[in-house]
Amino acid sequence: MRLGAIPDGLVERIGLLLGKVPTPIGEAMYSMPVARSLQVAQRTGILGALAEGPRDPAELAEHLGLQAKGTVRVLDVIATLGHVKQNPDGTYEMTASGRRWLDPRSDTYLGDFLADTYEYWDWYAGLEDLVRDGKHVELHEKAADDPYWQSYIRGQYQLARLSSAEVAKAIPLAKGAHSVLDVAGAHGEFSMALCRQHEGMRATIVDLPGSARVGEEIVAEAGMAERVRHLVGDMFQVDYDGHYDAALCFNIIHHLSPEQIRALFQRIRAVLRPGAPLCVLDLYDREGGQRANLASILGLFFHLTSGADTYTTDEVSRWMGESGYGSVEIKSLRTLPDLRLLVAKAV
Ligand SMILES: C[S@@+](CC[C@H](N)C(=O)[O-])C[C@H]1O[C@@H](n2cnc3c(N)ncnc32)[C@H](O)[C@@H]1O
């Protein structure tokens, strides 16, 4: 799965509608209704109800207190993606791909993440201000009791569950390693995966109050509260409280400037035992300045939501070297084909 990519076949379908020639009009016209239909169907309960079984659209709309015409139109748009289908008797049902991602009983359910993307709409409405005046959203400056944290961190948790087992296996722990520091670790899924794979492992997660509160709930629900603790505070200020056999820095450096990244790597270095790995999982720009890939789409999102940027693996490797780490190994992951895991040991 390529998260955030335009679904397979959609461009071709748009192209067909426009006479087999993919034009920018196709993307501008079609991607908005597709995205919004998915988000609205999730938030209004249409997808949740369909996960229970086939439904007549008028009856479904009435059951959910929705308008029948709008419900059908939204369902038809989602059907173009292949996640639902219309049966000959007029009912709609979820397909196998829909069930995989959108049925709450699935281990790979992404409904909360999908619902969270509803919030992105307003942020993208400000894109012209970003381009004209450099104004961006500060995603992580919301008040600790803002309900957005639930939506954000539960969504990130669902994404993390898809790759955490493979990522945990890729972390080179020394024999006898028993402690990991997970900076900006939020929901704790990557730490929990390490704990599941290594008996005796304990994890310390550092995160902001709004995120940590949700993360503590998730860890407790997973029955891991005795092995995974949260340190609440700003990762640039909070006392990391101990020494560690490994550190994770996952999906955070794209929110930071190069100076902040170096400062963070140095702070982490100060609490790592010699030889302990720092692992930096993120989306990286292609070397050579070529940005026309998924990194360019998510790079815009990161810039919009923090004013920061994505970087190349060369840049981040150099900053690791300058911050007290040895040579960097770059790992690819089957479950996260667009990301890379950079690993370097504290010297
Ligand atoms: C995109 S999420 C990544 C969560 C997790 N590491 C993962 O890979 O799924 C970014 C996290 O960074 C946290 N964060 C942002 N700024 C922070 C700061 N100054 N100190 C601590 N955590 C921070 C956010 O609260 C959020 O939980």
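Read-outs throughout are calculated quantities, based only on the coordinates presented, and are distinct from any laboratory measurement. These numbers come from a predicted model, not from an experiment. Positions of Cβ are generated from backbone atoms using ideal geometry, with glycine treated the same way; all protein chains shown enter the neighbour counts.
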Computed for the chain: size of charge dipole around the Cα centre, +1 on C-beta of each Lys and Arg, -1 on C-beta of each Asp and Glu, debye to nearest 20, value 880 debye
Give me the compactness ratio for the range 190-237, meaning the Cα radius of gyration over 2.2 N^0.38 Å. 1.12
5 Å binning of all Cα-Cα separations within the range 20-176, expressed as whole percents from 0 upward: 1, 8, 14, 16, 16, 15, 13, 9, 5, 2, 1, 1, 0
In sequence order, calculated HN-Hα J values of the range 273-282 (Karplus, 6.51, -1.76, 1.60; Hz; x Gly/Pro): 6, x, x, 6, x, 9, 10, 10, 9, 6
Nearest-ten-degree value, helix 24-43 long axis tilted from longest Cα axis of the chain: 80 degrees
Tilt, helix 313-322 to longest principal axis of the chain (alpha-carbon atoms), in degrees rounded to tens, equals 20 degrees
Alpha carbon convex hull of the range 140-345, projected area averaged over orientations, nm²: 10.6 nm²
Could you tell me which of ILE253, ALA35, SER317 has its Cα farthest along the dipole of the chain towards the positive end, charges placed at Cβ (Lys, Arg +1; Asp, Glu -1), taken about the Cα centre? SER317
Mind pulling the per residue volume of the convex hull built on the Cα atoms of the range 116-184? Å³ is fine. 149 Å³
Quick one: work out the % antiparallel among DSSP beta bridges in the chain, nearest 5. 40 percent
Assign one of three labels to the range 224-347, namely rounded, prolate or oblate, based on the Cα gyration tensor with a ≥ b ≥ c the square roots of its eigenvalues; rounded applies when a/c is under 1.5, prolate when it is not and a/b is larger than b/c, and oblate otherwise. prolate
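What is the percent of Cα-Cα separations in the range 94-149 that go past 16 Å? All intermediate terms of the calculation are to be shown ahead of the outcome.
Working: 936 of 1540 pairs.
Roughly 61 percent, rounded to a whole number.
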Enumerate the calculated ³J(HN,Hα) couplings along the range 61-67 in order (Karplus 6.51 cos²θ - 1.76 cosθ + 1.60, θ = phi - 60°), each rounded to whole Hz, writing x wherever the residue is Gly or Pro. 4, 4, 4, 9, x, 10, 8
Where does the chain land at 222 nm, in deg cm²/dmol rounded to the nearest 500, when only DSSP H runs of n ≥ 4 count, each adding -39500 (n - 2.57), divided by all residues? -13500 deg cm²/dmol
Cα to Cα, under 18 Å, and not fewer than 8 places away if on the same chain: which aspartates and glutamates meet these conditions relative to LYS331? GLU166, ASP282, ASP285, GLU287, ASP314, GLU315
Going residue by residue through the range 99-107, the Karplus relation 6.51 cos²θ - 1.76 cosθ + 1.60 with θ = phi - 60° gives ³J(HN,Hα) values, rounded to whole Hz and with x marking Gly or Pro, of 4, 4, 9, 10, 8, x, 7, 7, 5
Below 11 angstrom from the Cβ of ALA174, what's the summed charge of the other residues (Lys, Arg +1; Asp, Glu -1)? +2
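Let me check I have the definition right: for the chain, take the eigenvalues of the Cα gyration tensor, multiply each by 5, take square roots. What are those semi-axes in whole Å, largest first?
So the three semi-axes of the chain are 38, 24, 18 Å.
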Cross-link partners among aspartates and glutamates for LYS85, C-alpha distance below 20 Å, same-chain residues fewer than 8 apart left out? ASP8, GLU12, GLU52, ASP56, GLU59, GLU62, ASP76, GLU93, ASP103
By the Cα gyration tensor axes a ≥ b ≥ c (a/c under 1.5 gives rounded; else a/b larger than b/c gives prolate, otherwise oblate), the shape of the range 92-215 is oblate
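Which value, in Å to one decimal place, does the Kirkwood hydrodynamic radius take for the range 10-104 when every pair of different Cα atoms is included?
About 13.8 Å for the range 10-104.
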